[in-house]
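Each value in this text was obtained by applying a stated rule to the coordinates, not by laboratory testing. Here the structure is a predicted model, which is why all the values come from computation and not from measurement. Every residue, glycine among them, receives a Cβ derived from its backbone with ideal geometry; neighbour counts consider all protein chains shown.
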């Protein structure tokens with residue numbers, strides 16, 4: 001059953017009923033609207049506006065800011081699947097998306113069981129071990145190459161000897 005068309009029809013019916021009631025009671029509703037928005041100046045120019053509706057403008061701004069913050073916070077923790085209103089507390093695609101259990105590809109629409117959690121944890125540990133092993137290999141290659149290229153442990157080696165007959169001291173002025 002689709003709820004969206006039912007809610008839309010209900011809101012349209014409520015709006016039509018409100019307009020009909022407004023038209024039937026136009027004089028009462030019009031007077032109330034004029035007094036509360038400050039259109040009718042009762043005590044002088046613009047007094048009713050600033051004493052009534054105009055004084056609420058900052059409150060509308062505050063309510064708007066709070067509503068926007070709540071929406072953004074909800075959007076951040078909401079499931080990123082389009083149209084889903086559930087809380088997305090399962091990261092997907094390396095943390096780019098936050099999905100609920102129904103839309104997460106590892107869960108296949110079912111709540112995660114203990115066995116599935118253990119399986120995913122083992123796979124994660126295996127991936128981490130492979131990445132760490134590759135990182136260690138690269139580190140060893142980078143550290144091992146300079147030593148092999150110079151035939152020693154590096155250019156700053158304290159035991160490095162000068163070739164025989166070479167002048168190891170520089171004379172002033174030469």
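For the reader, a short list of remarks on this structure follows.
- Computed over the range 3-86: relative contact order in percent, which uses C-alpha pairs under 8 Å that are six or more apart: 12 percent
- Gain in span if fully extended, residue 9 to residue 139, counting 0.36 nm per residue against the direct Cα distance: 40.2 nm
- Sorting 40, 122 from the fewest to the most surrounding beta carbons within 10 angstrom yields 122, 40.
- The average projected area of the range 3-86, computed from the convex hull of its Cα atoms over all directions, is 8.1 nm².
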